[in-house]
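Below is one structure, written out as structure tokens; comments come after it.
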Amino acid sequence: MSSANTINRIAVITSGGDAPGMNAAIRAVVLAAENYGIEVMGFRHGYEGLLNNDFVKLDRKDVEHILQYSGTIIKSARSERFRTEEGAREA
């Protein structure tokens, strides 16, 4: 794979209602990405965070002890704006 096709950064978004296991999923993504040298950006409040460019960099220290918490550490939200054609294009 050439360097032009190398993935250097990925985004994590949790959208909709909270569900059990979301923090475990976020933790797994962050730890796996770190293993491959990939930076993880967590967009806060679901698609609203994507639309508002509201994100936080996540690394091992941010996810080591999140399994005992309910919900999701980056918050989840439904986005009416994302459901529109204009909002989806903007995102």
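The values are calculated or read from the model by the stated rules, or taken from the named source; none is laboratory data. Please read these numbers as outputs of a predicted model, since none were measured by experiment. Neighbour counts run over all protein chains shown; Cβ positions are idealised from the backbone, glycine included.
Summary of computed values
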item	result
Residue that is farthest from the chain's Cα centre (by Cα), among those in the range 11-48 that are surrounded by 15 or more Cβ atoms within 10 Å (Cβ to Cβ) and among the aromatic types (Phe, Trp, Tyr)	Tyr47
Residues located in the range 17-44, provided they are hydrophobic (A, V, I, L, M, F, W, C) and part of a loop (DSSP other than H, G, I, E, B)	Ala19, Ile38
Which numbered condition Asn8 fails, given (1) surrounded by 14 or more Cβ atoms within 10 Å (Cβ to Cβ); (2) at pLDDT 95 or above; (3) touching a strand residue (DSSP E or B) at 6+ places or on another chain (Cβ under 7 Å)	(1)
Residues located in the range 64-91, provided they are β-branched (Val, Ile, Thr) and free of Cβ contacts under 8 Å to residues at least 24 places away in the same chain	Thr84
Residue ID - farthest from the chain's Cα centre (by Cα), chosen from residues in the range 49-79 that are charged (D, E, K, R) and surrounded by 10 or more Cβ atoms within 10 Å (Cβ to Cβ)	Glu64
Residue in the range 20-35 that is under 17 Å from Tyr69 (Cα atoms) and of a type in the set (S, T, N, Q) present	yes
Matching residues in the range 54-63 - criterion: being touching a helix residue (DSSP H, G or I) at 6+ places or on another chain (Cβ under 9 Å), within 18 Å of Ala33 (Cβ to Cβ) and without any contact (Cβ under 8 Å) to a residue 24 or more places away in the chain	Val56
